[in-house]
Amino acid sequence: MVSNLEKVLTNVLKKVTPSEKERKEVLLLADTLVEKVKKTAKEAGVEAKVRVEGSVAKDTWLRGEPDIDIFTQLPTSTPRETFGTVCLKIAKEATKGSKQVERFAEHPYLEAFINSTRVNIVPCYQAKPSEWISATDRTPYHTDFVKPKLDDRLRGEIRLLKRFMKGIGVYGAEIKVGGFSGYLCELLTLHYRTFIDVLKAAANCRKPWIIDYADHYKEREGEIPKIFEDPIVVVDPVDKGRNVASAVREERLIEFIAASRRFLQHPLQEFFYPKLTKAFSERQLIKSIKTRGTAIVFVKFGIVKAVPDILWGQLYKTQRSLHKMLHQSDFHLVNDAVWSDEKTLNLLFFEVENRFLPSTKKHNGPPIEKRVECENFLRKHFESSTTVSGPRLENGRWIVEIQRKHTDIIGLLKDKLRTGGRQVGVADLISKALANSREILVNEEIMNVYLSNNDFAKFLTSYIKGKPHWL
């Protein structure tokens, strides 16, 4: 008798495994692009080795989702200042006529779309191990390390893990997600041998979760947590000084642990293929906001001239800074979030228990034992225009009640963001965007944005529902 778990895995494996027809088409396109890049580089007088890397090279990509990674390897003598731009020019010429998007990691690279297939053309150096010049130099070594270790069974296990991670929202090492890369999924599967055993390891893991697949630190395992301080450490088999999992944010690891436990108890296909979020109607949204009884404050602003990784890094930095500022101003946060279409619309939102605070607040002074500090406290507050009551002694220390500068969260945000908010930690590019155009909205005032942008509507609906879709 086939168990429910086996049925789910069998069905998902069929859906994620590319057909022979699709595989041939993808490999033909990849080979064609390699030749085009080689030819273009030669015509430009650039000495380069060109290879297919990543999931297509290792045959671990998901059906219907091929990302072709073409790596252009330049001699180590190539100057850093021209390294990225030279390859970008070659990539643009080789994919002329297709939709092209410039991306930026450590250096620029090109993302092109050919017959609806995403193609990344990335520069790297022909560097020797331990003599890396750029972050991408390791990638060909990753391919060469993983590829010989794979068979059809392991490729299937890797595909199951990737699809599971995509389904629960923790797949992708880009800053927006802060999750698990494809290479990390491959190493986890190689180490534990099956998809289910990866989930079992996650379900039982104690932080830090440490894996040293290539035994770089054999009999010196105690050194690993001293070298790497991340919640999950997977030592790169081709570079013992690198943690493959360094991009994984703690909350993504926690989500993976929780989802693994849940799936092992209740194996459902929805973990791999979640139901699409249906946005609340206008009436449902208004009712949900009123039921909460809180204030959801939206900071809306427009274009930020930055590639996605830079944009999301700046958005998250700004979110943390404004969260801290609101907390220090005595607004009790229930939750906060960030959303962006990466083009013309960005939103930071902060949900607080109350929009308004009392006009006075209690301020504790030093204990009576600290004579000098008490004198300074009394001098400061005795006849201050902001002192409403006190100073008086209470529980062995001086206290006063003082007037708050801001009692309305909207007024506070308008004041601090008037010139962009750099003084409260807003990131540079976000600060410039906020200084040029911003709108601060509360609760139902977001409705026009909600009704005009379905992606944001789905995001806000999920935020208000407040639970993982797999739960």
> Which of the trypsin sites (Lys or Arg not before Pro) found in segment 269-349 are in a DSSP loop and have at most 12 neighbouring Cβ atoms, other than their own, within 10 Å?
Replying inline: LYS275, LYS278, LYS305, LYS343
>> If I model a spin label at LYS405 and GLU353 as a point 7 Å from the Cα along the Cα→Cβ vector, what separation in nanometres do I get?
In response: 2.4
> Once phi is turned into θ = phi - 60°, what whole-Hz ³J(HN,Hα) does the Karplus curve with 6.51, -1.76 and 1.60 give for every residue of segment 96-109, x standing for Gly and Pro?
Replying inline: 4, x, 9, 5, 10, 10, 6, 10, 9, 10, 6, 8, x, 8
> Which whole-number percent gives the relative contact order of segment 150-271, counting Cα pairs below 8 Å spaced six or more residues apart?
Replying inline: 29
> Which residues' amide hydrogens lie under 5 Å from the amide hydrogen of TRP398, considering only partners 5 or more residues apart or on another chain, with H built in the peptide plane?
Replying inline: GLY365, ILE368
> So for HIS142, HIS363, fewest C-beta neighbours within 10 Å to most, what's the order?
Replying inline: HIS363, HIS142
> Using the Cβ atoms and a cut-off under 15 Å, what net charge is assigned to the surroundings of LYS432, where Lys and Arg are +1 and Asp and Glu are -1?
Replying inline: +4
>> Just to be sure I understand: of the beta bridges DSSP finds with both ends in the chain, what percent are antiparallel, rounded to 5?
In response: 80
> With axes computed from alpha carbons, what is the tilt in degrees of helix 282-292 against the longest principal axis of the chain, rounded to the nearest 10 within 0 to 90?
Replying inline: 50
>> I'm spelling it out carefully: the read-out is P(r) over Cα pairs in 20 Å bins from 0, in percent, the candidates are [x] 23, 54, 22, 1; [y] 19, 46, 28, 7, 0; [z] 20, 39, 26, 14, 1, and one was derived from this structure. Which label?
In response: [y]
> To the nearest 0.05, what FRET efficiency results for ARG283 and ILE227 with a Förster distance of 60 Å applied to their C-beta separation?
Replying inline: 0.60
> What is the dipole size for the chain, taken about its Cα centre, with +1 at each Lys and Arg Cβ and -1 at each Asp and Glu Cβ, in debye to the nearest 20?
Replying inline: 940
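With the cut-off at 1.5 for a/c, could you classify segment 150-271 from its C-alpha gyration tensor as rounded, prolate or oblate?
Judged from the Cα gyration tensor, segment 150-271 comes out prolate (a/c at least 1.5, a/b above b/c).
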> By counting other Cβ atoms within 10 Å of each Cβ, how are ARG80, ARG397 ranked from fewest to most?
Replying inline: ARG80, ARG397
> Looking at this model, which pairs from LYS58/LYS207; LYS14/LYS166; LYS278/LYS465; LYS149/LYS226; LYS99/LYS300 are more than 20 angstrom apart at the alpha-carbon?
Replying inline: LYS58/LYS207; LYS149/LYS226; LYS99/LYS300
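With a 10 Å Cβ neighbour count serving as the proxy for reagent exposure, in which order, fewest first, do ARG438, ARG118 appear?
Lowest to highest Cβ neighbour count: ARG118, ARG438.
Values in this text are rule-based calculations from the coordinates and carry no lab data. Quick caveat: nothing in here was measured; it's all calculated off a predicted structure. Quick reminder, even Gly has a Cβ in these numbers, built from the backbone with ideal geometry, and neighbours come from all protein chains shown.
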